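Just so you know, all these numbers are worked out from the coordinates, no wet-lab data involved. Predicted model, so just to flag it, every value in this text is computed and none were measured. Note that each Cβ is placed from the backbone with ideal geometry, even for glycine, and that neighbours are counted across all protein chains shown.
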Amino acid sequence: MTSDLQQLRQHLDRGRLTISRLDDGSGVVLDVERERLFTLNATGLGIIQAAADGAADETAVVEALVARFEVSEADAQQDVQTFLARLLRAL
């Protein structure tokens with residue numbers, strides 16, 4: 001079974017999704033196959049950027065969020081799981 005993080009990385013690796021960071025710390029992701037644009041807050045951008053940077057698993061993504069933001073590990077874990085599930089459903 002492929003994890004949500006692995007699925008996201010496959011989309012990024014194949015060039016289906018492109019990431020752009022905005023000056024305010026937020027970002028956008030373009031789904032080039034469906035021509036859809038997703039806006040991201042700083043947390044969402046942090047999650048997708050960690051995936052793009054090769055995070056080995058969801059734990060590594062959670063650790064990246066905890067290091068970057070003032071958030072508990074439990075809250076970061078919930079944010080990662082919710083974000084990945086919602087984004088993949090939208091694709």
- Select from the stretch 1-28 the residues that are of a type in the set (Val, Ile, Thr) and under 22 Å from Glu63 (Cβ atoms) and write down the one among them that is surrounded by the most Cβ atoms within 10 Å (Cβ to Cβ). Ile19
- Message: Among the residues in the stretch 50-71, are any more than 12 Å from Asp4 (Cβ to Cβ) and among the basic types (Lys, Arg)?
- Response: yes
- Taking Ile19 and the conditions (1) outside any helix (DSSP H, G or I); (2) touching a residue at least 40 places away in the same chain (Cβ under 8 Å), which numbered condition does it fall short on, given that it satisfies the others? (2)
- Would you mind stating whether Ala51 is within 17 Å of Arg9 (Cα to Cα) and either within 11 Å of the chain's Cα centre (by Cα) or aliphatic (A, V, I, L, M) (or both)? yes
- Message: Looking at Ala55 and the list (1) out of contact with any Asp or Glu (no Cβ under 9 Å at 6 or more places or on another chain); (2) surrounded by 15 or more Cβ atoms within 10 Å (Cβ to Cβ); (3) in a loop (DSSP other than H, G, I, E, B), which single condition is not satisfied?
- Response: (1)
- Message: I'm trying to understand the selection: among the residues of the stretch 64-91, which are over 22 Å from His11 (Cβ atoms), surrounded by 13 or more Cβ atoms within 10 Å (Cβ to Cβ) and among the charged types (D, E, K, R)?
- Response: Arg68, Asp75
